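Reviewing the structure listed below.
The values are calculated or read from the model by the stated rules, or taken from the named source; none is laboratory data. All values derive from a computational prediction rather than experimental measurement. Counting neighbours? That spans all protein chains shown, and the Cβs are built from the backbone with ideal geometry, glycine included.
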Amino acid sequence: GLDLTQFEVGDLIGEGAFGQVYVASHKRSKRVKVALKCMVKSQQDRYLDVDGHSTPVLAEVAMMLRLMKAPRCPNIIRLHNWLEVEDNFVLILEYAESCQTLLQYIKDTADIEENQARQLMRQLIRAIMFCTERGVFHGDIHTANILVTLPRLELKLIDFGCAQPITQKPFNKSDYRGAGHGMPPEALRCRVFHANPAYVWTIGIMLYEIMHGRLAFNNRQSIMFGAIQIHPRLSTACVDLISQCLIRNPAKRLQLHQVEEHCWFNPTTPNPV
Ligand code: ADP
Ligand code: MG
Ligand code: MG
């Protein structure tokens, strides 16, 4: 069986609301580095069935397992395995080497260029589309839950701790467990929301933050009523994409399958002379 003594635990590499993340190496296969996400069990933990198994597992694990069946998506962090050790859950994750969070990358990089933003957004959209195909609503996409490798800007979506299965039924506002500033306006206004339009809202929020280095909306009031202040250096296509993803009425918002077709992703390259 698998247990923690098989790992040599190294530095603390991350701390979130619910757990610590350590880099570790598997002793027998020395070179293989993993990230150990350690969480103390709590009363609030949710459990879900995994297809073909009768014992429910931690929802975070169940949701990730849906995404691990081949073919996998390179933009979603891999779950190798998991353990329960006394009062703790330990997720054994792919370690994203030479990476930082998108939050840090944005802090360190003034005026990110649209070409870089496009590269990041293409990968984020690929991860999101893949999640919808496997029936997973991530529910907590923000810049600390996105890793970016340097210098190649490969993107990995992490932290499925707030993820939920997508069904025919809409989600309730109370189902939303992610960071408050990521909540779509329809969840605040109508108290129900669907996964796809919520994902499109998130895409708009992420693109805005990458291009401006700050949140589009700071609080619920501004999510519902605030005007978006867009920087004049942005191209018209970029402004249009942000604006269409951040339309408050989900029925009028750009649809998920339309996002990738938006002209910002298909810049016409000038003919070489
Ligand atoms: P929480 O659910 O507590 O927010 P996360 O899964 O978001 O925990 O992890 C917390 C932090 O740990 C992340 O923001 C990131 O900095 C780091 N981290 C998490 N997973 C990995 C990984 N696989 N590789 C590298 N760093 C990671
Ligand atoms: Mg997190
Ligand atoms: Mg989490």
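Can you tell me which residues in the stretch 115-135 are basic (Lys, Arg) and either closer than 16 Å to ILE242 by Cβ or at pLDDT below 95 (or both)?
ARG118, ARG122 - these are the residues of the stretch 115-135 that are basic (Lys, Arg) and either closer than 16 Å to ILE242 by Cβ or at pLDDT below 95 (or both).
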Suppose the filter is surrounded by 13 or more Cβ atoms within 10 Å (Cβ to Cβ), out of contact with any His (no Cβ under 8 Å at 6 or more places or on another chain) and closer than 27 Å to LEU207 by Cα; does LEU91 pass it? no
Restricting attention to the stretch 58-72, does a residue exist that is touching a residue at least 60 places away in the same chain (Cβ under 8 Å), touching a helix residue (DSSP H, G or I) at 6+ places or on another chain (Cβ under 6 Å) and under 27 Å from HIS181 (Cα atoms)? no
Checked the stretch 99-129 for anything over 12 Å from the mean Cα position of the chain (by Cα), more than 13 Å from ligand 1 (Cβ to nearest atom) and farther than 22 Å from PRO232 by Cα; matches are ARG122
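Looking at LEU153, LEU147, LEU207, can you tell me which residue is in contact (Cβ under 8 Å) with a residue 12 or more places away in the chain and either part of a loop (DSSP other than H, G, I, E, B) or of a type in the set (Asp, Glu) (or both)?
On inspection, the qualifying residue turns out to be LEU153.
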Would a scan of the stretch 144-163 turn up a residue that is among the hydroxyl-bearing types (Ser, Thr, Tyr) and either under 16 Å from ARG72 (Cβ atoms) or touching a helix residue (DSSP H, G or I) at 6+ places or on another chain (Cβ under 6 Å) (or both)? no
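So that you can scan it fast, the table gives a plain yes or no per residue for (1) of a type in the set (Asp, Glu); (2) within 15 Å of ligand 2 (Cβ to nearest atom); (3) surrounded by 20 or more Cβ atoms within 10 Å (Cβ to Cβ); (4) free of Cβ contacts under 8 Å to residues at least 60 places away in the same chain:
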| position | (1), (2), (3), (4) |
| --- | --- |
| GLY135 | no, no, no, no |
| CYS162 | no, yes, yes, yes |
| THR167 | no, no, no, yes |
| GLY180 | no, yes, no, yes |
| PHE193 | no, no, yes, yes |
